[in-house]
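S.K.: Let me give you the structure first, and then I'll get to my questions.
The values are calculated or read from the model by the stated rules, or taken from the named source; none is laboratory data. Keep in mind that this is a model prediction, so the values were computed, not measured. We place every Cβ from the backbone using ideal geometry, glycine too, and count neighbours over all the protein chains shown. These accessible areas exclude ligands, DNA and RNA; they are computed on the full protein's heavy atoms, side chains included. Shrake-Rupley method; radii C 1.70, N 1.55, O 1.52, S 1.80 Å.
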Amino acid sequence: MTGFPANVPAWAALLAACLVLAGSALTFLGAFGLVRLKTFYERVHAPTLGATLGMFLILGGSVVYFTAAEGQFMPVELLVAVFFTVTTPVTLIILARAALFRDRTDRSGDGVRVPLEGECAGVVRTPPDLTTDPRRSDAPQDR
């Protein structure tokens, strides 16, 4: 670019502005959902979806603007989109699994263990004694 503001056609500037505003609105809705929704599991989806969809629109506006300003295709923003698209869902999954583990192991906050699926309420399974388990091939055998 030779100077600022660049000589961008009006249609490209208007399209880029609309994409950036729509992306900003979606990102804002995601942030609003983070504040407004009640449970962690509801709250974790709103910013993830809002940020991902908003990011695509904002980067689309950036690609349109800089492609029109430079006169050639500018794919640099696509690298940002790939990185953001890969990391955001992975972060969501890690946070959701950590919360699920926390809820399964200590839901009451008093250190009381919540039974996992398949366990009887209040009963905690313990592993078999490894030294006396007759099913093990290296356990001592009474002959």
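S.K.: Against the condition under 18 Å from residue 20 (Cβ atoms) and either of a type in the set (S, T, N, Q) or open to solvent by 60 Å² or more (accessible area, probe 1.4 Å) (or both), how does residue 73 come out, does it pass? Please lay out each step first, then the result.
M.R.: Numbers: under 18 Å from residue 20 (Cβ atoms): no; either of a type in the set (S, T, N, Q) or open to solvent by 60 Å² or more (accessible area, probe 1.4 Å) (or both): yes.
Taking the combined requirement at face value, the residue does not satisfy it.
S.K.: Can you tell me how many residues in the stretch 16-55 are open to solvent by less than 80 Å² (accessible area, probe 1.4 Å) and more than 23 Å from residue 102 (Cβ to Cβ)?
M.R.: Total satisfying the criteria: 18.
S.K.: Taking only the stretch 33-64 into account, find how many residues are at pLDDT below 90 and more than 14 Å from the chain's Cα centre (by Cα).
M.R.: Qualifying residue count for the region: 6.
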